[in-house]
1. Given the criteria closer than 18 Å to Leu47 by Cα, among the small types (Gly, Ala, Ser) and modelled with pLDDT under 90, does Ala116 qualify?
2. Across the range 52-91, which residue is nearest to Ala32 (Cα to Cα) among those that are of a type in the set (S, T, N, Q) and touching a His at 6+ places or on another chain (Cβ under 9 Å)?
3. Consider the range 52-94. How many of its residues are under 23 Å from Ala137 (Cα atoms) and either part of a helix (DSSP H, G or I) or touching a Pro at 6+ places or on another chain (Cβ under 9 Å) (or both)?
4. Suppose we filter the range 114-126 for residues that are within 29 Å of Ala71 (Cβ to Cβ) and without any contact (Cβ under 8 Å) to a residue 24 or more places away in the chain; how many remain?
5. Mind checking which pairs have a first residue in the range 81-102 that is at pLDDT 95 or above and a second that is part of a helix (DSSP H, G or I) and aromatic (Phe, Trp, Tyr), Cβ under 6 Å, 6 or more apart or different chains?
6. Are any of the residues in the range 124-133 more than 22 Å from His35 (Cβ to Cβ) and modelled with pLDDT of 95 or more?
7. Which condition number does Gln144 fail, the rest of (1) closer than 20 Å to Asp46 by Cα; (2) modelled with pLDDT of 95 or more being met?
8. If you check Thr4, Thr50, which single one turns out to be within 21 Å of Gln146 (Cα to Cα) and under 16 Å from the mean Cα position of the chain (by Cα)?
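The values are calculated or read from the model by the stated rules, or taken from the named source; none is laboratory data. None of these values were measured; they are calculated from a predicted model. Here the Cβ is made from the backbone with ideal geometry for all residues, glycine too, and neighbour counts use every protein chain on show.
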Amino acid sequence: MDPTISMAQRLFSAVGVHLEISISDIPQYSIAHLHSALQGDLMEFDLDWTQIRIFVDRMCSEPHLITTAIADAPTRTNNEKFDALLAGVAEKLADDHEINRPGWCSAVPPSSERWASIGTPTMMKRNESQAAPQFIARNIYINQWQLWREKWWE
């Protein structure tokens, strides 16, 4: 699911591999650069959720950056779910901080297919009930708290 560093080290050690972690600056905070969080193809895609969480965390901790960070549209990926997610993230950031939504968001249609988190029926029901309105409008039923986390910076 989401192991701690020490758990990941133990898991890799069990299969005879050493885990090394490095920390480096992320050069730019812009939603336009998040297209790289999409990995794989249209049928079998995976997301680098960490990259998206880092962006959201940074915007929430430094709201003065939001207007500039969401101004430029990300490159369209031809994956309507992912494109809708990025537009939903930009809209939620704008709405939460009472700034104008970027114009490019209105050009991104909602996902034609319902996108919901997987899990037990109870988990799925909770995730759907905690989806951001901006995501629901885009047919995305992912628990907003998977991206908007506790305000650890306060």
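1. yes
2. Thr75
3. Qualifying residue count, the range 52-94: 29.
4. Number satisfying all stated conditions: 0.
5. Note: pairs meeting the criteria are Gly88/Phe135.
6. yes
7. (2)
8. Thr50 is the lone residue from the list that is within 21 Å of Gln146 (Cα to Cα) and under 16 Å from the mean Cα position of the chain (by Cα).
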